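Input: a single structure, listed below in structure tokens.
The values are calculated or read from the model by the stated rules, or taken from the named source; none is laboratory data. All figures in this text were calculated on a predicted structure; none of them were measured in a lab. Here Cβ is always computed from backbone atoms with ideal geometry, including for glycine, and neighbour counts include all displayed protein chains. Protein only, heavy atoms only, side chains kept; ligands, DNA and RNA dropped before computing areas. Shrake-Rupley method; radii C 1.70, N 1.55, O 1.52, S 1.80 Å.
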Amino acid sequence: MAITEDAPPGADRRAPVRPDRDGRRLSSPLVLVLTLLLAVLAQSPIRGLLGTPAMQSWMTVFVAVTVQALPFLVLGVLLSAAIAVFVPPSFFARALPRRPALAVPVAGIAGAVLPGCECASVPVAGALVRRGVTPAAALAFLLSAPAINPIVLTATAVAFPRDPEMVLGRFLASLLVACAMGWLWQRLGRTDWLRPPAHGAHEGATKGEAFWNSVRHDTMHAGGFLVLGAMAAATLKAAVPADWLRTAAGNPVFSVLALAVLAVLLSICSEADAFVAASLTQFSPTAKLVFLVVGPMIDLKLFAMQAGTFGRTFALRFAPATFALAITGAVLTSVVLL
């Protein structure tokens with residue numbers, strides 16, 4: 001064991017000298033260099049892999065979905081950050097009716113004029129509850145804002161240029177489910193299920209700092225899920241045998257449940273999910289509508305955010321009820337419109 005030579009009087013001379021391990025740690029630049037070096041060494045097999053028809057099809061779908069969705073995602077992130085930072089939560093408390101039964105549909109409709117993705121809707125709903133808005137109305141806003149705001153509906157119209165009824169169906173089904181969940185919470189919800197949310201992450205910072213911090217966080221967060229969603233859509237198109245997809249899509253019940261579960265697992269930002277849904281050409285309009293209604297209301301990242309904001313007890317009750325009601329509302333709307 002190494003012993004220090006020039007220890008001050010009274011120091012423990014048996015204390016070992018710890019070696020400097022900083023040189024052993026992998027830094028980000030080193031990882032990048034190693035990755036690039038590995039890519040250069042393996043360029044021949046990589047070039048051969050990228051030249052296969054299946055991989056070319058995969059790249060075509062991946063790039064198309066990403067490029068189409070990215071502008072809407074960025075615009076949605078900018079607008080949602082501006083609303084979360086510059087619009088005071090007290091505005092919503094003053095604008096909503098005092099009667100909870102009336103506040104729920106008003107809050108739900110407010111989501112149609114206030115752009116915001118899922119990442120912004122949860123903290124905004126938490127701020128509403130902190131400032132005295134009835135939880136039923138705050139939850140209706142939480143579900144409707146990322147599903148029926150102008151950015152999402154415009155992206156849906158671009159993704160489905162020949163199916164305008166898909167835009168109307170998404171609007172009506174999402175608003176119906178948001179209001180139904182608000183009224184359901186007002187009827188059956190208990191105060192001990194809902195933990196009072198803590199202060200927002202950006203409270204205490206200047207408005208400019210809070211805005212750019214929110215933009216950076218939401219862009220990286222939502223962008224990562226967009227890439228995963230585009231990769232999954234491309235894989236379904238290129239790697240899964242067409243017969244399998246036709247078999248799955250040919251069963252009305254299974255196709256609806258499959259895309260509902262896929263929406264939860266992919267956790268795509270609502271500004272981009274329409275382009276992924278449009279790429280799933282084997283599935284019926286009803287299954288695609290279920291995908292568009294379920295995704296903005298309950299997915300993996302939303303469950304984690306809801307549990308962190310309102311408590312795990314709330315999330316474990318709210319998420320399954322939302323999932324079941326979103327499927328039901330989308331299917332009923334599809335029967336009428338599609």
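Structure data summary
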quantity	calculated
Ranked packing of 149-158, 277-286, 169-178, most packed first, by mean Cβ within 10 Å	169-178, 149-158, 277-286
Protein accessible area in the range 246-325, 1.4 Å probe - carbon and sulfur %	71
